[in-house]
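Shown next, in C-alpha cells, is the structure this report addresses.
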2 protein chains.
Amino acid sequence: MRCKFCESEAYIRLHYPKMLLCREHFIEYFERKVKRTIERYKLLKPDEKILIVISGGKDSAVTAYVLKKLGYNIECLHINLGIGKYSEESEAYAKRQCELIGAKLHIVRVRELLGAGIGELKTRRPTCSYCGITKRYIFNKFAYENGFDAIATGHNLDDEVSFIFSNIMHWNTDYLGKQGPLLPGEGKFVKKVKPLYELTEREVVYYALAVGLEYIVHECPHARGATTIEYKEILNAMEEKKPGTKINFIKGFLRKKHLFERELKEAPLGECKVCGMPAQGEKCSFCRVWGLEEAVGLKIK
Amino acid sequence: MRCKFCESEAYIRLHYPKMLLCREHFIEYFERKVKRTIERYKLLKPDEKILIVISGGKDSAVTAYVLKKLGYNIECLHINLGIGKYSEESEAYAKRQCELIGAKLHIVRVRELLGAGIGELKTRRPTCSYCGITKRYIFNKFAYENGFDAIATGHNLDDEVSFIFSNIMHWNTDYLGKQGPLLPGEGKFVKKVKPLYELTEREVVYYALAVGLEYIVHECPHARGATTIEYKEILNAMEEKKPGTKINFIKGFLRKKHLFERELKEAPLGECKVCGMPAQGEKCSFCRVWGLEEAVGLKIK
Ligand SMILES: [Zn+2]
Ligand SMILES: [Zn+2]
Ligand SMILES: [Zn+2]
Ligand SMILES: [Zn+2]
C-alpha cells in the first residue's frame, strides 16, 4: 500500500481525513498541523521564549521536538517527582529526549526542593491531587521567575476530548469555561498553550516513532483507577464508527465554551503571604500543602 | 432467586438500585416511581384533564395505563399517520390498549384530515421532519380545542438521555434549554409532561409485559438510520460498567440546564394567519408544510 502523495510504502493509515501516508509525508502532515494549530488559536508569537515541561513521556517530547523544528525559542524543564525508580527513569528519558531535540534542559527535583518525594507527604489530599498542584506551581513559577513568555504542554486531542467528555458526563461544568488550547497569562500566571490540541494520541505515538523519540511508557505508580482511560475507549469506539467524532466534538465545544464561561467564579486572587504567588486564601495551595514558611526559589543560577 | 420483599420468584433484576423484584413488587415499584416523578417535578395536579397521545407503542400505552391507575382524569388520542399497514396495525394496537386501560380513545386520521398520508406529501423536508411537525401540531391543537390541561407523552429515561447526549456530542445546545420532564403551557401551547422521565426503556418493557399491555414493535418504515440507537448502545455500555450513569446524567443536566436556557432565542411568536395557532412567520410550519389555506378543526363533535 502506497502513500497518497508518493511512491513510498505507507507508514500510517489516517481515518480523518482518510488517507495513507509514508513516513516522510506523515511527518510533514503532523508538523503542518501543529503549525496550523498555533496559527488558528494564536498560541505563540515567533519571538516568544517558550518553556516546555518534559515529563519523559511522548506528548511533551513531541511538543518540544516539533516546536524546535518549527524554529521556536524553546527550553525544557523536567520536574523529578521523587517517586523512586519511576522518577529516575523519567529523568533519564527527559535527558535523552532533550539531547536528541537539541534543547536546553533544566531539572527541578522535588525531593531536593521540598525534602520529600511525591507520595511521601502526610496530607489528607489524594496523591494525584497534590502532585498536580506541585507540578503546576513549579512550572509556572519557574517560567515566571526566569522570564518565559509561555508554557507549552503536551495535551493531545484524546486528552482534551476525554477530559471534556468526562466533565460533561458528570456535569462538572465549572471546569469547562477554562478549557481550551490557550490559557492567557494574567499577573503571575504565565500563558499556557497546547500545540498538539488537534492531534490524536495515535498520531503522536506514530510521530515519536517516526522521528526516533524514545519515551517512558510506564504509568506513575500513584495513578488512580482507569476512569479517563475508559472514557477514551468509549470515545475511540465512537470515533471508529464515525471518524471525525473527536475533532468535531472539541471544535463544537470551543464554539459553545462561552456558555460555561459565564459560570466561572470570578473570585479575585490575592497573593500568598509565603511566596507572593496568586492565592485564593492567605496561602497558595502549594505552600499550604507542603507546609512552607518560606518561598521556594526557582530562578536559574 | 427470590424477590427482595417477599417469597415470590424474581421477575426482574434491577441494577440501580440493585435488587431483585417479583412481578407484584416490580409493578408497585414502577408505579411509585411514576408517582414520585410527577411529584418531584410538579408535572400534574390531581384535577387536571390529561390527554395522552397513544401511538400503539409501549411507552405511551404504559403512560396511560399508570396515570389511569394513579387516578388521573385521562383521555387518549391516536393519530393515524396514513402509512399503509404500519398505521393500520398501530391503530389496532391503540384501540386494544385503551380497552384494556379503560380509557376513552379519540382518533384523528391524517389522510382524512389532510388528504394524504405521511410519506405522500411533496415537500423538500425529510419525511420524519414534517411527520413530527404534523403530530405535534395535531395533538397540541386537539388538546387546546378540547380543553385539556396537559399532554402526557411516553418519553422514557433512555430517550431523554440519548437525546441530550447526542445534542451534547454535536453541541446543538440550542435545543437543550427547552428539555426536561415539564414544558409549561404558554398561550395556545398546552403544557407537556413526561411521567416516565426516570424509568428506563427496559423497565417500561417489563412493566408492559407484567400488566399485559400488548404493543406494536415495528418501527415506522420512514425511520431514518440508527444514530440515536447507536447512542443508546454507548449509553447502555456505560450504564453496565457503572450503574446509575443514565439517571445521574439526566439529573446533572437538569441542575445545569440554566446554562443553556440563556441561549434560547426569545423570538416572540405571532399567530398563523391560516389557523391562528402560534407561528414564527406568517404561517405556522404545519399550515406551511401542508399548503393549507383553511384551518383544520379538531374539536370533538
Ligand atoms: Zn509519501
Ligand atoms: Zn505560596
Ligand atoms: Zn415480591
Ligand atoms: Zn397554521
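The values are calculated or read from the model by the stated rules, or taken from the named source; none is laboratory data. As the structure is a prediction and not an experimental result, all values here were calculated from the model. Cβ coordinates were reconstructed from backbone atoms using ideal geometry, including for glycine residues, and neighbour counts include every protein chain displayed. Side chains included, ligands, DNA and RNA excluded: accessible areas come from the protein's heavy atoms. Shrake-Rupley method; radii C 1.70, N 1.55, O 1.52, S 1.80 Å.
Just a few scattered comments:
- Among B:ASP59, B:ASP149, the order of accessible area from largest down is B:ASP149, B:ASP59, computed with a 1.4 Å probe on protein heavy atoms.
- Distances between copies at B:ILE300, taken between label points 7 Å from Cα along the C-beta direction, are 8.3 nm in increasing order.
- Relative to the longest principal axis of the Cα atoms of chain B, helix B:84-101 runs at roughly 60 degrees.
- Cross-link check: pairs A:LYS68/A:LYS192; B:LYS104/B:LYS246; B:LYS246/B:LYS299; A:LYS178/A:LYS273; A:LYS191/B:LYS246; A:LYS246/B:LYS191 evaluated at a Cα-Cα cut-off of 28 Å; pairs beyond the cut-off: B:LYS104/B:LYS246; B:LYS246/B:LYS299; A:LYS191/B:LYS246; A:LYS246/B:LYS191.
- Copy-to-copy label distances for A:ALA237, where each label lies 7 Å from Cα along Cα-to-Cβ, are 0.2 nm in order of increasing length.
- Cα shape, the protein assembly as shown, gyration tensor, a/c 1.5 rule: prolate
- Difference of contour (0.36 nm per residue) and Cα-Cα distance, A:ASN172 to A:ARG262: 31.0 nm
- Cα-based shape type of the range B:34-267, given that a ≥ b ≥ c are square roots of the gyration tensor eigenvalues and the cut on a/c is 1.5: rounded
- Take each residue of peptide A:172-181, count the partner chain Cβ atoms within 10 Å of its Cβ, and average: the result is 1.
- Sequence of B:GLU160, A:GLU233 when ordered by accessible area, the most exposed leading, probe 1.4 angstrom: A:GLU233, B:GLU160
- Here each label is just a point 7 Å from Cα along the line to Cβ, and for B:LYS242 and A:GLU88 those points are 3.7 nm apart.
- Surface composition of chain A: carbon and sulfur atoms hold 50% of the protein heavy-atom accessible area at a 1.4 Å probe.
- GluC sites (Glu not before Pro) restricted to the range A:68-147 and DSSP loop, no more than 14 other C-beta within 10 Å: A:GLU120
- Taking Cβ atoms as reference points and 15 Å as the exclusive limit, the residues near B:ASN146 contribute a net charge of +3, counting Lys and Arg as +1 and Asp and Glu as -1.
- Nearest 10 degrees, 0 to 90: helix A:157-169 Cα axis against chain A principal axis: 70 degrees
- For the range B:24-86, trypsin sites (Lys or Arg not before Pro) meeting the loop criterion (DSSP other than H, G, I, E, B) and having at most 16 other Cβ atoms within 10 Å: B:LYS42.
- Residues whose amide H falls under 5 Å from that of B:LEU121, counting only those 5 or more places apart or on a different chain, are absent, with hydrogens built in the peptide plane.
- Peptide B:236-242, shielding by other chains (average Cβ, 10 Å cutoff): 2
- Cα gyration tensor category, rounded, prolate or oblate, for the range A:242-301 with a/c compared to 1.5: prolate
- Partner chain coverage, peptide B:104-112 - average Cβ within 10 angstrom: 0
- Between 0 and 90°, nearest 10: helix A:23-40 axis offset from chain A longest Cα axis: 50 degrees
- Taking all Cα pairs closer than 8 Å and separated by 6 or more residues, the relative contact order of chain B comes to 20 percent.
- Protein-only accessible surface at a 1.4 angstrom probe places the residues B:LYS188, B:LYS242 in the order B:LYS242, B:LYS188, largest first.
- Less than 5 angstrom separates the built amide H of B:ALA150 from those of B:LYS49, B:LEU51, all sequence-distant by 5 or more or on a different chain.
- In the range A:259-278, the residues that give up 30 Å² or more of accessible area when the other protein chains are added, compared with the chain on its own (1.4 Å probe), are A:LEU259, A:PHE260, A:ARG262, A:GLU263.
- Sparsely packed trypsin sites (Lys or Arg not before Pro) within the range B:205-286, loop by DSSP, other Cβ within 10 Å at most 15: B:ARG224, B:ARG262, B:LYS265, B:LYS273
- Relative to the other identical copies, A:LYS104 shows label-point distances of 8.7 nm, where the label point lies 7 Å from Cα along the Cβ direction and values run shortest first.
- Whole-number accessible area per residue in Å² for the protein assembly as shown, which is evaluated in the context of all protein chains at 1.4 Å: 50 Å²
- Neighbour net charge for A:VAL205 - beta-carbon separation under 11 angstrom, K R +1, D E -1: -2
- Secondary structure note: in the range B:34-267, about 15% of the DSSP beta bridges are antiparallel.
- Each chain gives up part of its surface: A and B jointly bury about 2200 Å² of accessible area, both sides summed, for a 1.4 Å probe.
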